Each structure stands twice: as C-alpha cells, then as structure tokens.
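Have a look at the structure below before the remarks.
Taken together, the values in this text are just the output of simple stated rules run on the coordinates, not laboratory data. Because the structure is a prediction, the values reported are computed rather than measured. Neighbour counts run over all protein chains shown; Cβ positions are idealised from the backbone, glycine included.
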Amino acid sequence: MDSSKSNIADSNGNKLNLGVVGLTHTHVHWLFESERRGEFEVVGITEPNRELAQSYAEQYGFDMALVCDDMISMLEHGSPEAIAAFGSIYEHLEVVECAAPLGIHVMVEKPLAVSMEHAHKMHELAVKHDIHLLTNYETTWYPTNHKADSVLSQGNIGQLRKAVICDGHQGPAKLGVNKEFLDWLIDLNKTVAELLQTLVAMVRI
C-alpha cells in the first residue's frame, strides 16, 4: 500500500496526534506498524505495566517518556486528537468517559462494550460531545474486502447470490501473541465474566 495515500492529515499536512490506551491487546502491533509508515504520530501511551511498555518501546523505538501509568496523565502531557484503546473491554466505557468531554475521538477494539448499559452510556457521551466512536472490526479495513465490494458494486460479475468465506487462524498461542494478551484471553475470570455480562444484558432486552 502507498503510505502517502493513507496518511491521516489535515489540509495543512499535519499528522493526526494519536494516544494509545493499553498495550495488552496484540492488535496494537498494527498501530505501531502504521506509525512507522508515517500515517499518524503517537503522542502518548497509557500502560501501567512498565515491563510490557518497555518491550514495545524496544521493538518499535518509541521513547518511554511517552508512557504514563494512567489516562489522565497521558491526556495532559500528550494532547491527542484521538485515542485507540487496546486494553480490557470492561475499560472501554472509562476511556470514553475521559476522552469524550475533551472532544477526543475514540476507537476501541471489538467488541464495543461488555453490556448494553455500557454501550448506551458510551453512545450518549459520543453524541453529547460530538466525537467519533469506532469499533475496530479488523476485517472492515482489509483491502481485499474493499476490492470485492468495488467489483460487486460495478455489477460486472452479476448479482451476488451466495458468499462462502473461509477465514481465521490457528489460535493465539500458535500465532505467538504476547504473553499479556494470551494470559488475558485464557483468564476465565476476565473473558468469561465479560461474556456473561454481555449475555445477561441481551436477555434483559
């Protein structure tokens, strides 16, 4: 991909200042890879686990001075225009509660929230403070999917009647995800608890 066509910049060519909240979710790697291509600038990181932050700093070459233990400190020192959250799903609401009143846009990892209660609160904050609140459904930005949509939209291959999709991977352990993310994935007190909260909320609807 031509990075010059994917830079997030204003009309004056100024890059988007981005804050990162949490480094546990391994999808944060693509964010640092994108920064390497010059698509935006990471101006602050929230991660209380200094060892984890140090490992990312060594891999991607950012200054540990960017890393803060809490989000409030990061917002004060980094002044991001948008935030990407790669921590616990349960923390998504807190991220929006901190960022929205400051007019800071937020992207969270999927799913959006652990419950409809959290989701509604996040939505209300986003509307009230006029910010973008995005969920990172990874496959939505795959170039291959956009190409397929373009081909179908042009009508050159006729009407779509059936789609067979084979997608996935061999599992996080075999993929070699970082220890912190793997520990989170297999921690039943976190993942199952969040799943149950979501299911209970759905039953109440």
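So how long is each side of segment 26-155 along the principal axes, counting just the alpha-carbon atoms, biggest first, in Å?
Over segment 26-155, Cα extents along the principal axes are 52, 36, 23 Å.
Rank-order 55-62, 103-110, 68-75 by packing density, defined as the average count of other C-beta atoms within 10 Å over each peptide's residues, highest first. Kindly include the intermediate steps, with their values, before the conclusion.
Values: 55-62: 14.6, 103-110: 19.1, 68-75: 17.1.
So the peptides 55-62, 103-110, 68-75, ranked by packing, come out 103-110, 68-75, 55-62.
On a 30 Å Cα-Cα criterion, which of the cross-link pairs K121/K162; K15/K147; K121/K147 come out too long? Show your work: numbers first, answer last.
Details: K121/K162 37 Å; K15/K147 27 Å; K121/K147 35 Å.
Result: K121/K162; K121/K147 exceed 30 Å.
Quick one: P(r) of segment 70-135 from all Cα-Cα pairs, 10 Å bins, percents rounded to integers, in order of increasing distance.
Bins of 10 Å from zero give 23, 60, 17, 0 percent of pairs.
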